[in-house]
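Let me begin by presenting the structure, written as structure tokens, before commenting on it.
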Amino acid sequence: MALPFTASADFAVDKEAGRPCRHLGGDFRCGIHRDLRQRGFSGCAVYDCFGAGQKISQVTFGGRDWRRHPETAGAMFSAFAVMRGLHELLWYLTEALALPAARPVHGEIRQSLERIGRLSDGDPGALAEIDVAACRQEAGELLGRASELVRAGVPGRKKDRRGADLIGARLRGADLRGAGLRGVYLIGADLRRADLRSADLLGADLRGADLGGADLTGAIFVTQAQLDAARGDSATRLPAGRTRPAHWARRG
């Protein structure tokens, strides 16, 4: 309901923000959930709000919904946009705390976690006043330091391709151990059998990238949504805590 999308390879149709998706049922469930990819809605299949939707509906608005309380819709959708940004930062900061090599910055990360967590507990009015960009800058600096500490332990010279355009790049078998790949565009890239151990993939766009046989052991800041948007197979090695997407090929 809250978010817009544009007809593309990820969405079969256009939808305006604040307008219900044509497939949204009266029970708030998706009517084509089992067939999202086949129906042209792969963008929905990989989307992750990091728990922001649940918190907005169950906590911030105390269980009220926009259908029974339409007067809350505008404030609810605006608050969701803020909450989603905060929850994404909380997820990354929590991930950083699980990195032993990043222990020198764990204290600062905990402080940031607590501060952003308190902000996320605000009412709709307080949420509207939050500068999410400033929070992102604060957290991003800490995550960058954590990344450097982790990747410093990888032998050899580490590639830094932050923000690079590698759409469709031929990187089959590439040695990308400990590489800085933040925000890199890897849409449709050939990463088959690439070595991505301990690489930083925060925000990397992996839509349609082929990870068949690639090794992502120890890769940091990899979300499940990134893997769901990519292609892979049974030979792809994943970071701890991530699951192999059901649509991936069964054989390497």
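Miscellaneous remarks
- In terms of accessible area, using a 1.4 Å probe and ignoring ligands and nucleic acids, SER198, SER78 rank largest first as SER78, SER198.
- Taking Cβ atoms as reference points and 12 Å as the exclusive limit, the residues near ARG177 contribute a net charge of +1, counting Lys and Arg as +1 and Asp and Glu as -1.
- Within the full protein context, the accessible area of CYS135 is estimated at about 10 Å² for a probe radius of 1.4 Å.
- Cα centroid separation - the range 201-252 against the range 36-66, whole Å: 22
- Pairs of Cα atoms nearer than 8 Å and 6+ residues apart set the relative contact order; for the chain it is 11 percent.
- Accessible heavy-atom area order of ARG182, ARG193, highest first, probe of 1.4 Å: ARG193, ARG182
- Longest DSSP-loop-exposure-free segment, GluC sites (Glu not before Pro), the chain, at most 14 other Cβ within 10 Å: 130-252
- Under the Karplus curve 6.51 cos²θ - 1.76 cosθ + 1.60, θ = phi - 60°, whole-Hz ³J(HN,Hα) for the range 50-62, x wherever Gly or Pro sits: 6, x, 5, x, 5, 5, 4, 6, 8, 10, 4, 10, x
- Label point 7 Å beyond Cα of LEU24 along Cβ direction - residues of the range 121-151 with amide nitrogen under 15 Å: none
- For VAL13, distant residues with modelled amide H under 5 Å away: SER8
- P(r) tail fraction, the range 96-252 - alpha-carbon pairs more than 20 Å apart, %: 52
- Of PHE28, PHE11, the order by accessible heavy-atom surface (1.4 Å probe, DNA, RNA and ligands excluded), from most exposed downward, is PHE28, PHE11.
The values are calculated or read from the model by the stated rules, or taken from the named source; none is laboratory data. Note that the structure is a prediction, hence the values are computed from the model and not measured. Positions of Cβ are generated from backbone atoms using ideal geometry, with glycine treated the same way; all protein chains shown enter the neighbour counts. Remember, those area values only see protein heavy atoms, side chains included, never the ligands or the DNA or RNA. Shrake-Rupley method; radii C 1.70, N 1.55, O 1.52, S 1.80 Å.
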